[in-house]
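To keep things clear, I will list the structure first and then write my remarks on it.
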Amino acid sequence: MSASLEEIRLHGAIPRHVAVIMDGNGRWAGERGLPRHAGHRAGMRAVREVIEGAVEAGIDILTLFAFSTENWQRPPSEISALMGILKIYAEKERRDLVRQGVEVHVLGEVDRLDGVTRSAVEGIVQGTAGGENLRLNLMISYSGREEIVRAARRLSEAVRSGSVDPEDITEAALENELFTAGLPDPDLLIRTSGELRVSNFMLWQLAYTEIHITKVLWPDFSREDLFAAVLDYQRRDRRFGRVPAS
């Protein structure tokens with residue numbers, strides 16, 4: 001057991017839900033004179049590292065921002081490479097995820113994926129069903145703003161049909177229409193590459209989430225970096241808008 005992991009367990013306050021904005025693949029590749037897709041491929045190792053680290057640390061839910069709706073505006077060659085990497089990941093990692101007790105869920109507008117990639121994604125979801133050690137959410141073709149608009153649209157349709165009264169629309173009612181319905185909000189958000197923005201990620205859910213920024217580029221992110229983020233979280237005083245008890 002690493003010293004960091006031992007320290008985490010001594011502190012006790014382990015975040016139940018950790019979300020990650022995986023940033024820096026392109027910069028990592030550019031620093032090495034490689035094409036961008038090489039950075040995305042290298043990022044697969046970091047995904048494996050953070051999943052294994054989350055299981056070791058006792059985190060219940062891990063949410064990874066894998067592909068945003070804005071990413072569809074990238075060059076077709078890069079999109080094709082990203083879809084290919086996603087397909088390879090789904091096919092290659094499924095057996096190991098089952099062994100670790102990881103249950104995969106894919107959240108987002110997955111209908112926009114091509115048929116082959118969508119089939120691979122559905123395969124990893126079905127193949128890992130029942131894993132009890134970690135719930136892994138892969139956010140694919142996801143936008144925080146579009147998620148809220150989608151929820152509002154669903155509620156408005158329910159009002160129009162007469163099944164919901166406008167005064168019954170509460171925070172809980174809206175949350176039930178989000179992709180993350182039924183899940184606790186993230187306790188900790190990790191962003192790699194040093195950028196100081198949330199990039200349209202889980203805008204509703206991050207209201208009181210603790211944020212940890214690291215300059216490490218995603219392909220270089222290790223479980224020790226995850227443990228450092230958890231240790232940082234454990235030093236925080238989470239008040240949720242309230243004053244500390246006297």
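Looking at this structure, is Arg112 modelled with pLDDT of 90 or more and surrounded by fewer than 18 Cβ atoms within 10 Å (Cβ to Cβ)? Yes, satisfied. May I ask you to verify whether Leu206 is touching a helix residue (DSSP H, G or I) at 6+ places or on another chain (Cβ under 7 Å) and modelled with pLDDT of 95 or more? No; evaluated as a whole, the condition is false for this residue.
When Val164, Val159, Val149, Val198 are checked against the criterion of being over 18 Å from the mean Cα position of the chain (by Cα), hydrophobic (A, V, I, L, M, F, W, C) and not in a helix (DSSP H, G or I), Val164 stands alone in meeting it. Screening Gly162, Gly144 for residues that are in contact (Cβ under 8 Å) with a residue 40 or more places away in the chain and out of contact with any Lys or Arg (no Cβ under 7 Å at 6 or more places or on another chain) leaves exactly one candidate, Gly144. Would you pick out the residues in segment 164-213 that are among the hydroxyl-bearing types (Ser, Thr, Tyr) and either farther than 23 Å from Asp232 by Cβ or buried (at least 17 other Cβ atoms within 10 Å of the Cβ) (or both)? If the condition is that a residue be among the hydroxyl-bearing types (Ser, Thr, Tyr) and either farther than 23 Å from Asp232 by Cβ or buried (at least 17 other Cβ atoms within 10 Å of the Cβ) (or both), then Thr170, Thr180, Thr192, Ser193, Thr209 are the ones that fit. Picking from residues in segment 64-109 that are out of contact with any strand residue (DSSP E or B) (no Cβ under 9 Å at 6 or more places or on another chain) and of a type in the set (Lys, Arg), the one that is surrounded by the most Cβ atoms within 10 Å (Cβ to Cβ) is Lys87. If the condition is being assigned to a loop (DSSP other than H, G, I, E, B) and either within 21 Å of the chain's Cα centre (by Cα) or among the basic types (Lys, Arg) (or both), then segment 1-55 contributes Ala13, Ile14, Pro15, Arg16, Met22, Asp23, Gly24, Arg32.
The values are calculated or read from the model by the stated rules, or taken from the named source; none is laboratory data. Just so it is clear, the model here is predicted, and its values are computed rather than measured. Glycine also receives a Cβ, built like all others from the backbone with ideal geometry; neighbour counts cover every protein chain displayed.
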